[in-house]
Every structure is written in C-alpha cells, then in structure tokens.
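Colleague: Below is a structure I'd like to ask you about.
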Amino acid sequence: CVYFFFIQELLRVMRTIDDRIVHELNTTIPTASFVGKVDPGQTCKELYESLMDAHTNRERIIKNCIAQTSSLVKSLREEREKAQDDVALLKQLRKEQTKLKLMQSELNVEEVVNDRSWKVLS
C-alpha cells in the first residue's frame, strides 16, 4: 500500500464512530421527556448499520493494503535472491516488510475496536 500513513490517518478518522459509541448510545436512548419524539429501536438499528458499514469498510481497506504490500514483499524477495549485493533493494524490502507488519497489526487493532463497540452496543 503506497500511501500507508494516509491509510493510518484514514482509519483513525473512520474509527470515530467506535470511539464515540457510548455518546451515540446516550443520545440515542430518549429521556422521559423525549420518549414520544424519538424511535429508539429505529435509531439503534441505524447505529448498528453504521457500525457494520464502518467495520466492513475499514477491514476491506486494511486487507487490501495487506494484499498489495504482501505482493510487493514477495516480488522484492525474488529480486533480492537474484541480487544479493543490492543494498538499496535490501532496504526497500525491509521497509515494505515493516509496513506489512504494521498493517497486520492494524487488523488486530481493528478486531479489538470492533469487539469493544459490539459489547457496548449489546
């Protein structure tokens, strides 16, 4: 994934819904004075759907980056086998391997964030 740091920032912004889940629930459940004005079932359904969409989109982005970077790492490894003395190639390979590890870590972070949100929503 060429724009790795952009992707990390995008994921941070996309996780806002998860970061604010408690606030969203507090504003979703009406107080006694607003019971007739808000349909909490519909609002919860919309929040659930928003979470599902956010989780699906983030996972798709992360997995796409992992696939792209994995492919690049594989290609660089093959080149490296042919050119053992190429220091620049070795540096690029290590850089891409680090990026791949970070994106795989993002997938783990995503799992934790998603679990937390679903527990709060439940």
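Colleague: Carbon and sulfur: what percent of the chain's accessible surface (1.4 Å probe)?
Modeller: 55 percent
Colleague: For D86, list long-range residues whose amide hydrogen, built 1.01 Å from N in the peptide plane, is under 5 Å from its own amide hydrogen.
Modeller: Under 5 Å from the amide H of D86 lies no amide H from a residue far enough along the sequence or on another chain.
Colleague: Karplus couplings for the stretch 90-100 from phi (6.51 cos²θ - 1.76 cosθ + 1.60, θ = phi - 60°), rounded to Hz, Gly and Pro as x?
Modeller: 4, 4, 5, 4, 5, 4, 5, 5, 5, 4, 4
Colleague: Same structure, new question: What is the ratio of the Cα radius of gyration of the chain to 2.2 N^0.38 Å, with N the residue count, to two decimals?
Modeller: Expressed relative to 2.2 N^0.38 Å, the Cα Rg reads 1.51.
Colleague: Return the sequence-ordered ³J(HN,Hα) values of the stretch 12-28 in whole Hz as given by the Karplus equation 6.51 cos²θ - 1.76 cosθ + 1.60 applied to θ = phi - 60°, using x for Gly and Pro.
Modeller: Working through the residues one at a time gives 4, 5, 5, 7, 4, 4, 6, 5, 9, 4, 5, 4, 4, 5, 4, 7, 7 Hz.
Colleague: Which order, highest average first, do 43-52, 80-89 follow once you tally other Cβ atoms within 10 Å for each residue and take the mean per peptide?
Modeller: 43-52, 80-89
Colleague: Just name one of L102, V73, V87: the one whose Cα is farthest towards the positive end of the charge dipole of the chain (beta-carbon charges, Lys/Arg +1, Asp/Glu -1).
Modeller: My answer, from the dipole projection, is V87.
Colleague: Tabulate in residue order the Karplus-calculated ³J(HN,Hα) for the stretch 47-55, using 6.51 cos²θ - 1.76 cosθ + 1.60 with θ = phi - 60°, rounded to whole Hz; enter x for Gly and Pro.
Modeller: Coupling constants for the stretch 47-55: 5, 4, 5, 4, 4, 4, 4, 4, 5 Hz.
Colleague: A further question follows. Tell me, what is the per residue accessible area of the chain in Å², probe radius 1.4 Å?
Modeller: The answer is 68 Å² per residue.
The values are calculated or read from the model by the stated rules, or taken from the named source; none is laboratory data. Just so you know, these numbers come straight off a predicted model, no measurement behind them. No Cβ is skipped: glycine too gets one built from the backbone with ideal geometry, and neighbour counts run over all protein chains shown. Each accessible area value is taken on the protein alone, full model and side chains, heavy atoms only, with ligands, DNA and RNA left out. Shrake-Rupley method; radii C 1.70, N 1.55, O 1.52, S 1.80 Å.
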